[in-house]
Amino acid sequence: MRKNERRIDLPRAADAHLRFIGQIRTPWTDRSQCPRQGALDGPECRLVLDPIWEPALAGLEAYARIEVLYWLDRSRRDLLTQSPKSDGATTGTFSLRSPVRPNPIGTSLVRLERIEGCDVVVRGLDCLDRTPLLDIKPDRCAYTPQVPPKA
Ligand code: SAM
């Protein structure tokens, strides 16, 4: 822990029955190489879905950008306040986009490059290789006009 950080003993977790739908393949195996936030012109990354979810991708190709939700599985979850390395100032966990949070969910708006079977190739991620994938949602402001979005 860093200066002024506070932690708690976590209460027992409720079971939300979260289901990982696949994993994310990225070039980064080490936090020191991983960007803090992704860039739309960053390297290609691959959302590798469990094949049972392939039909659920139908229609996604109409969107130029999609939102990806993932589980930052290598994070601690017990900090109330944090002192980020970048400036050292202490602040509350909920005022940060740090991976350290009670439910370490990461979200990124990424560029959809292409879909190959049950792999979705994107640019704009910032997670370690093999991060579990929680969900994919279209960015409704980024659909290709020739293909109207579904409700
Ligand atoms: N874009 C997401 C967001 O805002 O919710 C995540 C931002 S978070 C600052 C990104 C950082 O989390 C990376 O730079 C890396 O240090 C860390 N990280 C990435 N993948 C992780 C994983 N699977 N488990 C724990 N930490 C991870």
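Side notes on the structure shown:
- Neighbours by Cβ (under 6 Å, 6+ apart or cross-chain): first from the range 84-108, in contact (Cβ under 8 Å) with a residue 12 or more places away in the chain; second among the aliphatic types (A, V, I, L, M) and assigned to a loop (DSSP other than H, G, I, E, B): 99/72; 104/72; 106/72; 108/125
- Pairs linking a residue in the range 110-138 that is surrounded by fewer than 18 Cβ atoms within 10 Å (Cβ to Cβ) to a residue that is among the aromatic types (Phe, Trp, Tyr) and at pLDDT below 95, with Cβ atoms under 9 Å and 6 or more positions apart or on different chains, do not occur.
- Of 72, 80, all but one fail to be exposed (fewer than 15 other Cβ atoms within 10 Å of the Cβ), farther than 29 Å from residue 144 by Cβ, in contact with a strand residue (DSSP E or B) (Cβ under 9 Å, 6 or more places away or on another chain) and not charged (D, E, K, R); the exception is 80.
- Residue 115 in contact with a helix residue (DSSP H, G or I) (Cβ under 6 Å, 6 or more places away or on another chain) and part of a strand (DSSP E or B): yes
- All positions within the range 119-128 that are of a type outside the set (D, E, K, R) and within 13 Å of the ligand (Cβ to nearest atom): 122, 124, 125, 127, 128
- Scanning the range 50-96 for residues that are within 13 Å of the ligand (Cβ to nearest atom), outside any strand (DSSP E or B) and farther than 27 Å from residue 120 by Cβ turns up 76, 77, 84, 85, 86, 93, 94, 95, 96.
- Flag for residue 91 being under 17 Å from residue 1 (Cα atoms) and of a type in the set (Ser, Thr, Tyr): yes
- Which numbered condition residue 116 fails, given (1) within 13 Å of the ligand (Cβ to nearest atom); (2) over 26 Å from residue 6 (Cα atoms): (1)
- Test result for residue 137, modelled with pLDDT under 95 and of a type in the set (Lys, Arg): no
- Qualifying residues in the range 1-49 (those that are more than 17 Å from the chain's Cα centre (by Cα) and in a strand (DSSP E or B)) - the one nearest to the ligand (Cβ to nearest atom): 7
- Condition check for residue 106: open to solvent by less than 40 Å² (accessible area, probe 1.4 Å), closer than 18 Å to residue 129 by Cβ, touching a strand residue (DSSP E or B) at 6+ places or on another chain (Cβ under 8 Å) and in a loop (DSSP other than H, G, I, E, B): no
- Test: residue in the range 46-55 that is open to solvent by 30 Å² or more (accessible area, probe 1.4 Å) and modelled with pLDDT under 95: no
The values are calculated or read from the model by the stated rules, or taken from the named source; none is laboratory data. Being a predicted model, the structure only gives us computed values, none of them experimental. Don't worry about glycine lacking a Cβ; one is built from the backbone with ideal geometry, like all the others, and counts go over all protein chains shown. We work out accessible area using only protein heavy atoms, side chains counted, and drop any ligands, DNA or RNA first. Shrake-Rupley method; radii C 1.70, N 1.55, O 1.52, S 1.80 Å.
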